[in-house]
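Below: the structure, in structure tokens.
Here, each number is a calculation from the coordinates, and none is a lab measurement. As the structure is a prediction and not an experimental result, all values here were calculated from the model. Here the Cβ positions follow ideal geometry from the backbone for every residue, glycine too, while neighbour counts run over all protein chains shown.
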């Protein structure tokens, strides 16, 4: 795709398949397992206490796969882990030294990622979960919506590709599941 004189490339994150794919510049095709939400993508081999604190047991629950499941903390303790990032488009920006994630890619939401688009509603439903999202490496917490690639070498290759690409890199997030507001019992009203 061309936009003015700058080139734009699109990658895709399929939330159901947990698959990040696409081509950026001259790099070979990206096709990697990647996790989003519910503490998935955490580092293996952490203590049972950390696993309990970061609610690893929520990784397999339905709510951890819903894009409008918010992160809930009380005095620094997790009560609920956030779900996957919302569907839509995101602009990708390389960050050399993030204060938490180190080298990563920041994902800035486009307008279509700020609403739930349902075949059951004639109008988009506002999604009140507007966090900063990133593509970053695994850590003890795992994901509350960010994308965490399963293999760090592939994540590093992706970082370099976004950094070195002379145009714009866009991520399309698709196949995301939501709990519609009528099912939420007024939780977001």
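Odds and ends about this structure:
- As a proxy for reagent exposure, 169, 177 were ordered by neighbouring Cβ count within 10 angstrom, fewest first; the result is 177, 169.
- Fraction of antiparallel bridges per DSSP, the range 2-181 only, in percent to nearest 5: 80
- For peptides 97-110, 76-89, 8-21, sequence by mean Cβ density within 10 Å, most packed first: 76-89, 8-21, 97-110
- Extending 7 Å from Cα along the Cβ direction at residue 50 and again at residue 7 yields two label points whose distance is 4.0 nm.
- Here the Kirkwood formula puts the hydrodynamic radius of the range 1-56 at 14.1 Å, using every distinct Cα pair.
- Label-point separation in nm, residue 150 to residue 98, each point 7 Å along Cα→Cβ: 2.1
- Pairs of Cα atoms nearer than 8 Å and 6+ residues apart set the relative contact order; for the range 2-181 it is 31 percent.
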